[in-house]
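Since every read-out is calculated from the coordinates, none of them should be taken as a lab result. Since the model is a prediction, treat every value here as computed from it, not as a measurement. All Cβ positions, glycine included, derive from the backbone under ideal geometry; neighbour counts span all protein chains shown.
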């Protein structure tokens with residue numbers, strides 16, 4: 001009956017709460033850090049580019065003025081003047097005068113200046129424009145120099161700026177990835193924190209299911225968690241009250257039924273003991289009455305036994321038990337024909353820690369079942385292996401059909417007439433009791449085929465939890 | 001047993017349900033007992049004072065006082081065997097009955113034969129037949145099985161018949177461990193599945209009467225998982 005809230009990462013159980021918390025943190029981290037990175041990059045890009053543009057313009061004006069001053073003297077040649085200009089690496093200067101083009105660089109020549117710009121500048125208006133050249137992005141600044149009938153163009157390469165921006169972008173991406181990873185780690189930690197109280201609840205629930213009904217959760221002085229703790233404790237308290245009321249009811253019913261049954265049983269026994277003094281015509285009804293009263297008594301006792309076992313009213317009383325001896329004891333009550341008894345020598349010498357009465361109840365019911373539903377006992381064995389003690393009871397009947405092998409342990413189950421005979425003495429509760437006691441002892445019981453008959457197997461752990 | 005026919009043994013049945021009282025009377029008379037009935041605790045105590053029965057059967061649910069109180073009152077000055085007859089077989093009822101001084105318990109609905117067997121076991125003559133020694137000594141504790149007397153430092157200790165039989169059984173096997181099953185068999189006449197709590201409760205009571213320090217006994221030792229052992233003198 002152990003159960004848990006499934007917080008232990010069952011395989012294939014879907015996405016757990018912890019995973020979802022971690023995912024939320026990671027996604028949050030990713031969005032935030034990538035957003036910040038994008039904004040930072042945009043700002044840096046704009047700032048650096050506009051700064052570069054301003055520099056380029058200033059430099060272009062200075063250079064254009066220097067060119068103008070130099071070319072005022074009639075001997076000066078454009079090429080020489082250009083060569084004397086200070087042009088930073090990555091930039092170049094193109095000058096148009098009298099329809100001729102002069103340049104400081106072959107790579108960044110006239111072709112780098114857009115035609116539209118050439119026209120605009122030769123019409124007397126300065127300006128700048130971003131272009132794509134064969135060596136990468138660049139800014140072209142155009143300055144008309146009317147006093148010497150020249151158009152001055154300066155092409156400022158932006159490759160360096162591009163590199164800087166790339167470095168910034170890469171750093172930002174790296175930082176975003178790191179932040180996301182850190183957020184995911186934080187999420188794992190937070191998830192654990194969130195789930196920890198749920199684990200406590202789960203552990204407490206398991207303990208309670210295992211019978212520790214007095215177990216409660218402690219409040220943590222946490223306004224978010226305390227309602228959970230309180231409602232959990234309230235629920236367990238209500239359950240406990242209910243269980244106690246049920247147990248009390250079973251106990252009351254037991255008392256109410258037992259007193260009249262005592263009267264009936266004792267009277268029936270008195271009648272039976274003196275049956276020979278009765279008129280012969282009354283002997284049969286008296287015998288029937290006595291038989292039915294005894295059966296009724298068994299039925300009531302077994303019903304109560306079952307409800308008490310289900311409510312786990314009686315504690316499990318563990319003591320070292322010699323299972324061989326126990327088996328032989330339960331067999332002393334049988335008066336069957338011959339059958340095989342096999343006791344593993346290991347069982348005969350080593351006692352096992354278990355509840356003697358419950359095991360005895362299981363065995364007597366299995367033997368009774370073989371007798372009244374299986375045409376008698378064929379073989380009984382007890383052995384030990386792998387930490388389990390194992391009893392088997394084989395009968396001479398027709399076996400149990402596969403589809404009934406589960407149901408047969410349910411109360412009042414009557415199988416399809418084919419395989420199961422019923423001599424009318426059973427209560428219909430024997431095997432249900434067997435299953436209930438086996439469960440309380442953390443054992444298993446099942447039925448299988450055995451050469452046509454049925455073999456009931458009881459497996460008990462040697463070290464009960 | 002051999003007492004049949006000569007002097008009938010008397011049994012006091014304390015039970016408030018008239019029908020159960022009637023069938024118990026009939027079936028006990030059938031077994032050869034002389035039966036007296038009491039329908040309440042008060043009536044039981046009066047009847048007991050008027051004439052001592054050989055054995056008492058007490059129902060736990062009585063109109064005026066509980067069966068436990070009846071047990072305690074009877075125990076104050078008598079070692080008469082008491083069997084609690086109860087519709088309840090809960091652990092705490094059984095233990096409370098034994099603590100109150102009952103020698104054994106039977107749960108309803110009982111089979112008359114089973115009740116008769118329990119009574120026979122309790123009425124068996126103490127140590128009959130199988131006692132070899134006429135006296136045992138354990139330090140200043142003296143036991144005279146035939147006289148049914150136990151003395152501590154020369155002063156007689158009042159034991160119930162069951163306590164006395166239990167002590168004699170332990171004394172007879174002093175030095176060796178007796179399992180609860182063996183004690184149940186020899187003192188109460190139970191088969192393999194007797195209730196071990198009977199033994200434990202009686203050992204506890206016996207210790208309060210004969211041990212110098214019942215919480216740290218030096219005569220009746222508990223051997224965990226095995227049973228009890230009387231320390232050899």
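For region A:226-310, what is the convex hull volume of the alpha-carbon atoms per residue, in Å³?
Taking only Cα atoms, region A:226-310 has a hull volume of 68 Å³ per residue.
Find the Rg to Rh ratio for region B:136-230, where Rh is the Kirkwood radius over alpha-carbon pairs and Rg uses the same atoms.
Numbers: Rg = 12.5 Å, Rh = 13.4 Å.
Over the Cα atoms of region B:136-230, Rg/Rh equals 0.94.
Compute the acute angle (0 to 90°) between the alpha-carbon long axis of helix B:112-123 and the principal axis of greatest extent of the alpha-carbon atoms of chain B; round to the nearest 10°.
It is inclined by approximately 40 degrees.
So what's the Cα pair-distance distribution over the protein assembly as shown, bin width 10 Å, in %?
Histogram of Cα-Cα distances, whole percents per bin: 2, 10, 14, 15, 13, 8, 5, 4, 4, 4, 5, 5, 5, 3, 2, 0, 0.
Relative contact order for region A:1-215: what percent, with Cα pairs under 8 Å and sequence separation of 6 or more?
Relative contact order comes out at 33 percent.
Sticking with the crude label model, points 7 Å out along Cα→Cβ, report the distance from residue A:192 to residue B:209 in nm, one decimal please.
Calculated label separation equals 6.3 nm.
Where the convex hull is taken over the Cα atoms of region B:52-129, what is its projected area averaged over directions, in nm²?
On the way: hull surface 23.4 nm².
Result: a mean projected hull area of 5.8 nm².
Please give the contour-minus-distance gain from residue A:224 to residue A:462: 0.36 nm per residue of separation, less the Cα-Cα distance, rounded to one decimal in nm.
Gain on extension, residue A:224 to residue A:462, equals 81.2 nm.
Roughly what % of DSSP beta bridges within region B:29-166 run antiparallel, to the nearest 5?
Numbers: 9 of 17 bridges.
The antiparallel proportion sits near 55 percent.
Of all the Cα-Cα pairs you can form in region A:284-355, what percent are over 20 Å apart? Display every interim value, and only then the final one.
Numbers: 1547 of 2556 pairs.
In whole percent, the share of Cα-Cα pairs in region A:284-355 beyond 20 Å is 61.
Which percent of Cα pairs goes in each bin when the distances of chain B are cut into 5 angstrom slices starting at zero?
Whole-percent P(r) values from 0 Å outward: 1, 6, 14, 19, 19, 17, 12, 8, 4, 1, 0.
Consider all pairwise Cα distances in region A:124-254 and report the whole-number % of them above 22 Å.
Tail of P(r) above 22 Å: 70 percent of Cα pairs.
Based on the Cβ-Cβ distance of residue B:18 and residue B:153, what FRET efficiency does E = 1/(1 + (r/R0)^6) give at R0 = 56 Å, to the nearest 0.05? Let's see the in-between values first.
Working: r = 50 Å, r/R0 = 0.88.
The value I calculate is 0.70.
Which percent, to the nearest 5, of DSSP beta bridges fully inside chain B are antiparallel?
Looking only at bridges with both residues in chain B, the antiparallel portion is about 45 percent.
Give the order of A:442, A:128 when sorted by the count of other beta carbons within 10 angstrom, beginning with the fewest.
With the sparsest Cβ surroundings first, the list reads A:442, A:128.
For chain A, what's the relative contact order in percent, using C-alpha pairs closer than 8 Å and at least 6 residues apart?
Working: 644 pairs, mean separation 54.0, N = 465.
This gives 12 percent for chain A.
Once you put a point 7 Å from the Cα of residue B:123 and another 7 Å from the Cα of residue A:98, both along the Cβ direction, what distance in nm separates them?
In this crude label model, residue B:123 to residue A:98 measures out at 15.6 nm.
Within a 10 angstrom radius of the beta carbon, how do A:194, A:113, A:241, B:157 rank from fewest other beta carbons to most?
So the ranking, lowest neighbour count to highest, is A:241, A:194, B:157, A:113.
Between residue A:414 and residue A:238, what FRET efficiency comes out of the Förster formula 1/(1 + (r/R0)^6) with R0 = 30 Å and r the beta carbon distance, rounded to 0.05?
For residue A:238 and residue A:414, the calculated efficiency is 0.20.
Enumerate the residues in region A:159-175 having an amide nitrogen under 12 Å from the point lying 7 Å beyond the Cα of residue A:40 toward its Cβ.
Residues passing the 12 Å test: A:168-175.
Suppose we keep just the DSSP beta bridges with both residues in chain A; what percent of those would be antiparallel, to 5?
Counting DSSP beta bridges with both partners in chain A, the antiparallel share is about 95 percent.
With 24 Å as the cut-off, how large is the P(r) tail for region A:1-215, expressed as percent of Cα-Cα pairs?
Working: 14165 of 23005 pairs.
Summing the P(r) of region A:1-215 above 24 Å gives 62 percent of all pairs.
Which values, in whole Å and largest first, are the semi-axes of the equivalent ellipsoid of region A:324-407 obtained as the square root of 5 times each eigenvalue of the Cα gyration tensor? Intermediate values should be presented prior to the final figure.
Details: eigenvalues 99, 48, 31 Å².
Square roots of five times the eigenvalues give 22, 15, 12 Å.
On average, how many beta carbons from a partner chain sit within 10 Å of the beta carbon of a residue in A:262-275? The partial results should precede the final answer.
Working: counts 15, 10, 3, 7, 14, 6, 2, 7, 6, 0, 0, 4, 1, 0.
Per residue, the number of nearby Cβ atoms from other chains is 5 on average.
Would you mind ranking A:19, A:409 so that the residue whose beta carbon has the fewest other beta carbons within 10 Å leads the list?
Values: A:19 14, A:409 20.
Ranking A:19, A:409 by Cβ neighbours within 10 Å, fewest first, gives A:19, A:409.
Give the span of region A:34-141's Cα atoms along each principal axis, as three whole-Å numbers ordered largest to smallest.
Cα extents, longest axis first: 60, 26, 24 Å.
Please work out how much length the chain gains when fully extended from residue A:246 to residue A:162, using 0.36 nm per residue of separation minus the C-alpha to C-alpha distance, in nm with one decimal.
Numbers: separation 84, 0.36 × 84 = 30.24 nm, distance 8.15 nm.
Full extension of this stretch gives 22.1 nm more.
Specify the residue with the greatest mean-square fluctuation among B:209, B:113, B:161, computed from a Gaussian network of chain B linking alpha-carbon atoms under 10 Å apart.
It is B:113.
From other protein chains only, count the Cβ atoms within 10 Å of every residue's Cβ in A:296-305, then give the mean. Mind dumping the intermediate values first?
Working: counts 1, 3, 0, 0, 1, 3, 0, 0, 1, 1.
Other-chain Cβ atoms within 10 Å of each residue's Cβ, averaged: 1.
Counting each DSSP H run of 4 or more residues in chain B as -39500 (n - 2.57), what helix-only mean residue ellipticity at 222 nm follows after dividing by all residues, to the nearest 500 deg cm²/dmol?
-11000 deg cm²/dmol
Using helices alone, I'd like the mean residue ellipticity at 222 nm for chain A: each DSSP H run of four-plus residues gives -39500 (n - 2.57), total over residue count, nearest 500.
Theoretical 222 nm ellipticity from helices: -18500 deg cm²/dmol.
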